Structure formats: structure tokens, C-alpha cells
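Throughout, read-outs are computed from the coordinates displayed, never taken from laboratory work. This one's a predicted model, so the numbers in the text were calculated from it and none came from an experiment. Cβ: placed from backbone, ideal geometry, glycine included. Neighbour counts: every protein chain shown.
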Amino acid sequence: MATFLSREACPTLKNILLLDSEGKRVAVKYYSDDWPTNSAKLAFEKSIFTKTQKTNARTEAEITMVENNIVVYKFVQDLHFFVTGGDDENEIILATVLQGFFDAVTLLLRNNVDLREALENLDLILLCLDEIVDGGIVLETDGSIIAGKVATHSMDDGAPLSEQTISQALATAREHLTRSLLR
């Protein structure tokens, strides 16, 4: 007899945020109705940014509480990565999701993790978010697997053969880079 975990037993995220060095949105996904309006979401983002901007979360991820939510975050260059869960969520799982998101973005941006590069590749970052979480449920936390899935998604099947070959070559190069970084 098969037993399935109930939705309550699965770790769930409330949001994943990628903000710039001024606290403005780069890429955000909300998986909770805790912030029903866009202005409520913007206010939450501002409160997180204000609370964390004075910390030094550049080498290791940091953890804080904001409005009864656990927030795990990390800063790189002019980008601020945040993962939010409820106050009963496991911090280690949230930190693992954050690290997977960060690792995937690092691979996809070819180690140029900064605002300009992120904006130029926003489609890849949004695909990353879709590969990591679905409806708040964590699907994947391994950055190289996430980046690999995103690389294959971003290939355009309708592209002319010459362009598709370049896309495939880039995907192969990304895959080799991923493997070399994991050694």
C-alpha cells in the first residue's frame, strides 16, 4: 500500500525574490496568498531589503525573521537573493533552495552574477524559478540539474537549423562547465 505525503508535510516556500542593490525587483515569484496585492508584495520586499541591507551576507547565507516568516538570503555583487518560508519551515531546506537557485544562476550567467547580466538573461532566471518550485512545493535544489533543465528549455525548437545548432552548442558548453565545476 503506497503512502503519500500530505501537502502539509512537504516543505513549502512563500516566495523567492531576486532584488537589486536598491531593493528593486529583478525577478520574484510568490507562492502564497499572504500578500494578496502587488502593493503588499512590494511592501514585503521593501521590509526584507531594509532589514537585511546592513548585514554582510556575501560569503555565507544569513537567516532572519520578517513578519513571522523565515527569510534566508545571500548577496552577490549588486544582486540580493531571498527565499521565504513560514515560521514553522525548516531553515536548512530554505537554505538549500537558496543555494540551488544561486548555483543555477551562477552557471547560467557563466559566473557573471551581476544586475546587468541578470537583466539580459531574465528569461533564464525565471525558468530557474519554475524548475525549483511549483506552487510553493520544492521540486529541485541541485543547481547543476536546474541549470541543465533551463538550458534545454531555452533551446528554441522553431529556430532555423543554423541557430538551433548554436543553441545546442551552448547547452553542451553549459553542461561541460557544470561538470567541470562539480569536480
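Could you work out the relative contact order of segment 79-139, using alpha carbon pairs under 8 angstrom and six or more residues apart, expressed as a whole percent?
29
Just subtract the alpha-carbon distance of Lys51 and Arg179 from 0.36 nm times their residue separation and send over the number in nm, one decimal. Walk me through the numbers on the way to the answer.
Details: separation 128, 0.36 × 128 = 46.08 nm, distance 3.69 nm.
Difference between extended and current length: 42.4 nm.
Calculated FRET efficiency, Lys24 and Asp87, Cβ-Cβ r, R0 25 Å, to nearest 0.05?
Approximately 0.40, to the nearest 0.05.
Output the Kirkwood hydrodynamic radius of segment 69-154, Cα pairs only, in Å rounded to one decimal. Intermediate results must be reported in sequence, preceding the final value.
Values: mean 1/r = 0.0772 Å⁻¹.
Evaluated on segment 69-154, it is 13.0 Å.
Suppose R0 equals 22 Å. What FRET efficiency, 1/(1 + (r/R0)^6) with r the Cβ-Cβ distance, do Asn112 and Thr59 give to the nearest 0.05? Show your work: numbers first, answer last.
Working: r = 19 Å, r/R0 = 0.86.
Calculated transfer efficiency: 0.70.
Counting alpha carbon pairs within less than 8 Å and at least 6 residues apart, what relative contact order, in whole percent, applies to segment 108-155?
33
Classify segment 6-130 as rounded, prolate or oblate, taking a ≥ b ≥ c as the square roots of the eigenvalues of its Cα gyration tensor: rounded when a/c is under 1.5, otherwise prolate if a/b is larger than b/c and oblate if not. Mind showing how you got there, number by number?
Numbers: a/c = 1.42, a/b = 1.32, b/c = 1.08.
Because its axes are fairly even, with a/c under 1.5, segment 6-130 counts as rounded.
Lysines near Lys46 by alpha-carbon distance under 20 Å, same-chain residues fewer than 8 away left out - which ones?
Within reach: Lys14, Lys24, Lys29, Lys54, Lys74.
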